[in-house]
Amino acid sequence: MGRMSVKENKNVYLKRREELGLSREKASELLGAITPDHLEKIENEKIAIPDPEDVLLMADKYRDPGLCNYYCANQCPIGERYVPEIKMKDLASLVLDILDSLNSIEGQKNRLIEIAHDGEISGDEIRDFAMIQKKLGRISMIVDGLKLWSENMVANGAIDEKEYKQYMKEE
C-alpha cells in the first residue's frame, strides 16, 4: 500500500482511494484511463471540475456509486441546481423513512386533487400546494437513497447484479 496523504481536507475521491488501500499508481492501473498525474490533480482539486467520465470510472472501479451522486450534487453546474446530495443510510432506516413519509402524505391526497382540478394554483392554495410538494420531495429523496443503497449493494456483491437488473426491467 502507498503512503497515506497527510492532507487535512481530503476530497471524496482521495478518501475513497485511501479507504481501498490503493496507492495512486495502483489506482491508476485499476482505472486504466486515468494516469497517476491526472488522478493527483483530481484528488488535490487542481482541476476545478473532474470530467464526468473520470468520476464514472472511479465510481465503477472503486465500487462506490455515491461518487456519482457527490459529483452531480456538488460539482456539476446543472446538478448543483437540480440534484440533491444523498447521505447513505442503512436499509431499515430507509424503509422506516419511506413509511413515515407515505403516512404523512396520506391525508393530503384529497387536498392535492382539489388544488389540481382546475389546473391552476390560486392564492388560497399556494401554501398547501407548497407543503405537499415539500413532502413529495422528501419521499423522492428517500427513494433516491434507496436506489443508491441498492447500487452500493450490487457494486459490493451483496446483491446479485444480473438478477437485480432483470427484476428492475420487469413492469
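The values are calculated or read from the model by the stated rules, or taken from the named source; none is laboratory data. Small disclaimer: the values here were computed from a predicted structure and weren't measured. Reconstructed Cβ throughout: ideal geometry from the backbone, glycine too, with neighbour counts over all protein chains shown. Side chains included, ligands, DNA and RNA excluded: accessible areas come from the protein's heavy atoms. Shrake-Rupley method; radii C 1.70, N 1.55, O 1.52, S 1.80 Å.
Would you point out which residue out of Ile159, Ile132 is open to solvent by less than 90 Å² (accessible area, probe 1.4 Å), in a helix (DSSP H, G or I) and modelled with pLDDT of 95 or more?
On the way: Ile159 fails: in a helix (DSSP H, G or I).
Going through Ile159, Ile132 in turn, just one is open to solvent by less than 90 Å² (accessible area, probe 1.4 Å), in a helix (DSSP H, G or I) and modelled with pLDDT of 95 or more: Ile132.
Has the range 141-149 got at least one residue that is open to solvent by less than 50 Å² (accessible area, probe 1.4 Å) and in a loop (DSSP other than H, G, I, E, B)?
no
Which condition breaks for Leu94 when tested against (1) under 21 Å from the mean Cα position of the chain (by Cα); (2) surrounded by 12 or more Cβ atoms within 10 Å (Cβ to Cβ); (3) over 30 Å from Lys135 (Cβ atoms)?
All conditions pass for Leu94, except number (3).
Tally the residues that are touching a residue at least 24 places away in the same chain (Cβ under 8 Å) and assigned to a loop (DSSP other than H, G, I, E, B), restricting the search to the range 47-86.
Summing the residues that are touching a residue at least 24 places away in the same chain (Cβ under 8 Å) and assigned to a loop (DSSP other than H, G, I, E, B) in the range 47-86 gives 10.
I need a count of the residues in the range 38-51 that are buried (at least 17 other Cβ atoms within 10 Å of the Cβ) and either of a type in the set (Lys, Arg) or more than 22 Å from the chain's Cα centre (by Cα) (or both).
Residues of the range 38-51 that are buried (at least 17 other Cβ atoms within 10 Å of the Cβ), as a first pass: 38-39, 42-43, 50.
Subset that is either of a type in the set (Lys, Arg) or more than 22 Å from the chain's Cα centre (by Cα) (or both): 38.
Number satisfying all stated conditions: 1.
If we keep just the residues of the range 99-125 that are assigned to a helix (DSSP H, G or I), in contact with a helix residue (DSSP H, G or I) (Cβ under 9 Å, 6 or more places away or on another chain) and of a type in the set (A, V, I, L, M, F, W, C), which is least open to solvent (accessible area, probe 1.4 Å)?
Looking at the filtered set, the residue picked out is Ile115.
Check the range 12-35 and report whether any residue there is open to solvent by less than 60 Å² (accessible area, probe 1.4 Å), more than 20 Å from Met153 (Cβ to Cβ), in contact with a helix residue (DSSP H, G or I) (Cβ under 6 Å, 6 or more places away or on another chain) and at pLDDT below 95.
No: zero hits.
Within the range 52-84, how many residues turn out to be surrounded by 14 or more Cβ atoms within 10 Å (Cβ to Cβ) and among the charged types (D, E, K, R)?
5
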